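So the structure is just underneath, and the comments pick up after that.
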Ligand code: DAK
């Protein structure tokens, strides 16, 4: 892999560190390309069960690269692969956890929200400051944000650059937990390792079912959930999980 991300795998957890520190991890198209290539590679790799994306202490990511966009035309933006790269994140079937410290702004916040869970350092700041540049969020910041925090706060964030501290983000349901700044990455990795030890197919279908809730009516969601639930009774892991419970021992998951 190239210079824009740093990666390592331990205990079934793939860690991606965004690596554009001079620009507060601004998400250049090259960085997004490397990030999403890595996500796709790990999604197909049995050694990796859960993925963690992080930045550094100062910045998760301060947004898309303003330098790249400053002179772009509408057609440049339309034809750029940038948004397709964001859409690729949505297609990853394994759980992705964002470990956020410092700035998570604009596209950086949208990247965190495209993940499945967010662990925040107490120093994290979340916001959609695009209005200051004469634009609006373009990678989910008006949609995912509104679905999570509701219309009124989303309006203030999108129209007036209201930023949220980590504590506020937790209060509004935007992050899973807030931890001291020394611990945010360990806390995210710990959560990832716990999920990595669980039955892989159940984890995969659980993610699919929860995501479907955001896309569907309640009735369609309930039907979808039920079909995935029935499907799990075709797995060896369901037999093993229930047998292990009855035998009072730990299950040995096979991912089959
Ligand atoms: N892009 C490029 N460079 C950035 C950057 C960014 N987003 N954010 C920071 N930097 C650079 C700064 O220019 C500076 O570089 P040098 O001057 O040292 O060369 C360096 O990082 C350090 O930044 P500061 O000196 O400004 O640091 P401070 O601590 O004073 O301030 C800050 C930190 C985060 C408050 C400030 O840097 C800031 O306001 N940054 C910009 C935040 C922002 O506006 N983000 C939103 C960007 S727009 C798309 C969909 C979505 C998008 C794009 C396309 N499609 C559908 C195609 C997304 C758009 C966005 O995210």
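The values are calculated or read from the model by the stated rules, or taken from the named source; none is laboratory data. Being a predicted model, the structure only gives us computed values, none of them experimental. Methodologically, a virtual Cβ is constructed for each residue, glycine included, from the backbone with ideal geometry; neighbour enumeration extends over all protein chains shown.
General remarks:
Conditions (1) within 19 Å of residue 100 (Cβ to Cβ); (2) assigned to a helix (DSSP H, G or I), marked per residue:
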{"residue": "157", "(1), (2)": "yes, yes"}
{"residue": "162", "(1), (2)": "yes, no"}
{"residue": "191", "(1), (2)": "yes, yes"}
{"residue": "195", "(1), (2)": "yes, yes"}
{"residue": "225", "(1), (2)": "no, yes"}
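- Scanning the range 31-76 for residues that are assigned to a loop (DSSP other than H, G, I, E, B) and closer than 29 Å to residue 193 by Cβ turns up 44, 45, 46, 47, 48, 49, 55, 56, 57, 58, 62.
- Restricting attention to the range 13-25, the residues being in contact with a strand residue (DSSP E or B) (Cβ under 7 Å, 6 or more places away or on another chain) and either within 16 Å of the ligand (Cβ to nearest atom) or touching a residue at least 60 places away in the same chain (Cβ under 8 Å) (or both) number 6.
- Filter pass, residue 9 being more than 9 Å from the ligand (Cβ to nearest atom) and buried (at least 17 other Cβ atoms within 10 Å of the Cβ): no
- Selection status of residue 48, surrounded by fewer than 24 Cβ atoms within 10 Å (Cβ to Cβ), touching a helix residue (DSSP H, G or I) at 6+ places or on another chain (Cβ under 8 Å), more than 15 Å from residue 141 (Cα to Cα) and touching a residue at least 40 places away in the same chain (Cβ under 8 Å): yes
- Residue in the range 58-68 that is farthest from residue 125 (Cα to Cα), counting only those that are in contact (Cβ under 8 Å) with a residue 60 or more places away in the chain and within 10 Å of the ligand (Cβ to nearest atom): 66
- Count of the range 100-121 residues which are assigned to a strand (DSSP E or B), within 13 Å of the ligand (Cβ to nearest atom) and in contact with a helix residue (DSSP H, G or I) (Cβ under 6 Å, 6 or more places away or on another chain): 2
- Inside the range 122-144, residues that are surrounded by 23 or more Cβ atoms within 10 Å (Cβ to Cβ) and more than 9 Å from the ligand (Cβ to nearest atom) make up a count of 2.
- In this structure, residue 89 does not satisfy being more than 7 Å from the ligand (Cβ to nearest atom), touching a strand residue (DSSP E or B) at 6+ places or on another chain (Cβ under 8 Å), within 22 Å of residue 168 (Cβ to Cβ) and modelled with pLDDT of 95 or more.
- Selection count, the range 226-256, where residues are surrounded by 12 or more Cβ atoms within 10 Å (Cβ to Cβ), farther than 23 Å from residue 210 by Cβ and without any contact (Cβ under 8 Å) to a residue 12 or more places away in the chain: 2
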